[in-house]
Amino acid sequence: MKEGRTYKMANNNTNMSKSKAKREAQRKQNEKMRRQRLISKITSTAIITVIVLLIAWAIGKQIYILAIRTKPISDYSAGLTADGKIEDTDVLSALTLVDYENISIPDDEVKASEEDVNEEIDSMLEGYMEFSSDTDVEIADGDEVNIDYVGTIDGVEFEGGNSEGAGYDLTIGSGSFIDDFEEQLIGHKVGEDVTVEVTFPEDYGDDEVAGKDASFAVTINAIKIAPELTDEFVEENLADTEEVTTVDEYRAKIENNFYEENLEEYLTNYIVENSTVNSYPKKYLKSMKGIIKDGDNMGDDIDDEIEYEKELTERAQEDVKEAMVYQAIFESAGLEFDVEAYFDEMLEENGEDYVNSMKESYGEGYLAQREMRNMVVDYLMDLYR
């Protein structure tokens with residue numbers, strides 16, 4: 001009997017353990033489902049929040065772009081008075097102007113180098129080059145020569161391969177002739193007969209010669225050379241145009257031309273780079289941005305409009321600063337000009353159609369501003385010549 005009761009009690013305990021385990025498993029399953037629902041809810045909320053934020057960011061970005069977007073304008077005189085000055089702006093207060101009357105000019109920045117002068121002379125002499133039969137001159141790459149030629153394939157002339165003694169002007173290195181025809185003439189002299197061996201390309205337009213080896217008997221008739229720079233040459237060719245009669249006078253004039261160009265470039269860069277803008281005239285800066293954007297003519301082809309607007313502002317600031325510097329020097333130096341007289345002179349020199357066209361394209365304010373700049377440059381050049 002004791003053994004029987006013991007068996008029944010053990011069996012009951014086992015049943016209770018199985019029931020408890022089942023309930024525990026169900027509880028864990030319920031908790032797992034609750035956690036999954038909570039995670040799903042949190043995830044959904046997060047996704048919705050991100051989407052909302054992205055939409056809000058996109059809308060905000062678009063609103064920002066619309067707020068900063070520059071409207072293109074084609075009026076070059078926008079923001080300027082009729083006499084070329086920036087509207088409603090005291091440039092001498094808005095700008096810390098460089099001491100333009102005491103600029104130290106480095107000699108090596110403005111003086112013409114011997115290399116510059118010689119290049120200018122060589123360029124001029126090239127315009128007077130003529131064919132010469134001088135037999136002492138060797139052909140070099142880039143030279144222009146006059147030749148006659150007879151081409152043969154397997155000893156037989158082919159159509160189009162004979163210059164018929166008419167002479168042909170050929171620039172060495174131009175690629176006008178096939179293969180390395182031109183290069184084989186380098187080093188030879190006028191009067192020489194040269195045999196040139198070439199191979200026609202497989203895709204040459206004439207099937208009769210395409211892909212075949214050819215031999216050209218070439219006679220070098222002449223070579224173009226530049227004249228020597230002498231007093232006689234200068235007096236004969238440059239006296240009227242350059243108002244010089246000797247080589248020394250011509251070289252001196254070239255040196256002075258370089259000096260003038262270099263001096264103007266140095267001064268105009270210096271006055272702008274060494275002046276500081278305290279405050280930009282907002283209205284004129286906005287107009288300048290519109291003018292530059294109109295000139296860019298990009299339409300809708302702007303990848304990053306925010307970055308473009310940033311660059312546009314920087315470019316406009318550079319142009320506005322330059323305009324402010326020239327106006328400030330104009331006013332500080334006490335320079336003046338009669339706008340009406342300026343346009344009358346333009347009318348007399350160029351005619352009514354030209355003046356009307358310029359006014360229509362740029363406006364009177366811009367044209368007056370340009371003349372004001374020219375007057376400042378002349379003033380500075382006179383100070384430092």
How many percent of all Cα-Cα pairs in region 228-276 sit more than 13 Å apart? 62
Efficiency of FRET between Ser174 and Glu273 - r from beta-carbon atoms, R0 51 angstrom, step 0.05: 0.70
Non-local residues with an amide H under 5 Å from the amide H of Leu95, with H modelled 1.01 Å from N and Pro and chain starts lacking one, are Asn278
Centroid-to-centroid separation of region 180-246 and region 269-287 [C-alpha atoms, Å]: 55
HN-Hα J couplings of region 370-385 from phi, Karplus 6.51/-1.76/1.60, θ = phi - 60°, integer Hz, Gly and Pro as x? 5, 5, 4, 4, 4, 5, 5, 4, 4, 4, 5, 4, 5, 5, 10, 5
Distances over 26 Å make up what percent of all Cα-Cα pairs in region 135-254? 40
Please compute the Kirkwood hydrodynamic radius over region 90-188, one decimal place, Å, based on all pairs of different Cα atoms. 19.1
Spelling out what I want: for every residue of region 321-328, take phi, set θ = phi - 60°, compute 6.51 cos²θ - 1.76 cosθ + 1.60 (Karplus), and round to whole Hz; glycine and proline get x. 4, 4, 4, 5, 5, 5, 5, 5
If the only charges are +1 at each Lys and Arg Cβ and -1 at each Asp and Glu Cβ, what is the size of the charge dipole of region 172-227 around the Cα centre, to the nearest 20 debye? 500
How much accessible area per residue does region 191-249 have, counting only protein heavy atoms and a probe of 1.4 Å, in square angstrom? 61
Give me the one-decimal nm value for the distance between modelled label points at Asp344 and Glu307, 7 Å along each residue's Cα-to-Cβ direction. 5.4
Within region 249-311, what is the number of lysine pairs with alpha carbons under 28 Å apart, leaving out pairs fewer than eight places apart on the same chain? 7
Just subtract the alpha-carbon distance of Glu232 and Asp90 from 0.36 nm times their residue separation and send over the number in nm, one decimal. 45.3 nm
Using the alpha-carbon atoms, what tilt in degrees (0 to 90, nearest 10) does helix 114-126 show relative to the longest principal axis of the chain? 70
Principal semi-axes in Å for region 227-367 [√(5λ), Cα gyration tensor, largest first]: 40, 22, 20
Rg/Rh ratio calculated on Cα atoms of the chain (Kirkwood radius): 1.37
Projecting the Cα atoms of Tyr366, Ile63, His188 onto the charge dipole of the chain, where Lys and Arg contribute +1 and Asp and Glu -1 at Cβ, the residue farthest towards the positive end is Ile63
For Val137, residues with placed amide H under 5 Å, excluding near neighbours: Val190
Residues whose modelled amide H sits under 5 Å from the amide H of Met129, counting only those 5 or more places away in sequence or on another chain, are none
Phi-derived 3J(HN,Hα) across region 246-252 with the Karplus relation (6.51, -1.76, 1.60, θ = phi - 60°), rounded Hz, x for Gly and Pro, is 10, 4, 4, 5, 5, 4, 4
What nm value, rounded to one decimal, do you get for the distance between Lys283 and Asp134 when each label is placed 7 Å out toward the C-beta? 6.8
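The values are calculated or read from the model by the stated rules, or taken from the named source; none is laboratory data. Because the structure is a prediction, the values reported are computed rather than measured. Quick reminder, even Gly has a Cβ in these numbers, built from the backbone with ideal geometry, and neighbours come from all protein chains shown. To get the accessible areas, we keep the full protein, side chains included, count just its heavy atoms, and leave off ligands, DNA and RNA. Shrake-Rupley method; radii C 1.70, N 1.55, O 1.52, S 1.80 Å.
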